[in-house]
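The values are calculated or read from the model by the stated rules, or taken from the named source; none is laboratory data. Being a predicted model, the structure only gives us computed values, none of them experimental. Don't worry about glycine lacking a Cβ; one is built from the backbone with ideal geometry, like all the others, and counts go over all protein chains shown.
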Amino acid sequence: MKRFPEHQRNAMIRRSRDATALSRLALLLFCGLVLAAGFVFAAKQHFAAVQYGYESENLRRERRQLFEEQQRLSLEKEKVSAPARLAPAARKLGLKPATSRQIATLETKKEVETTETRGRDKPAAALTR
């Protein structure tokens, strides 16, 4: 049995173009492009987030190392500037411990300031009279 006869009477008949089918095809193509662009944008955002995560982890590691180095240097500074280590070095340079007269307390500083201000006030008062 032949389904498609070789000699058909309507072989020269052409269908008219369906405008709605063409517009549906264009709309479908546009929606597909928008969807594909959305996936590309989402992938780009994902890869950027992963990259920022790696950079953040590297910066955290560097910050931790710098903090540890800062602590190590601070401890070393404290060891070097300890009075037990400074005293022998000062003696080698010829320095001597301070005497009680060389040390000024807060009370002696106040006495010195009051005597200095009294001396300044008297001449100023004489000029204004």
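Worth a mention:
- Residue match in the range 75-84 (condition: of a type in the set (Asp, Glu) and surrounded by 10 or more Cβ atoms within 10 Å (Cβ to Cβ)): yes
- Here the condition is being surrounded by 10 or more Cβ atoms within 10 Å (Cβ to Cβ), at pLDDT 95 or above and either out of contact with any Cys (no Cβ under 7 Å at 6 or more places or on another chain) or in a helix (DSSP H, G or I) (or both); of Ser56, Ser23, it holds for Ser56 alone.
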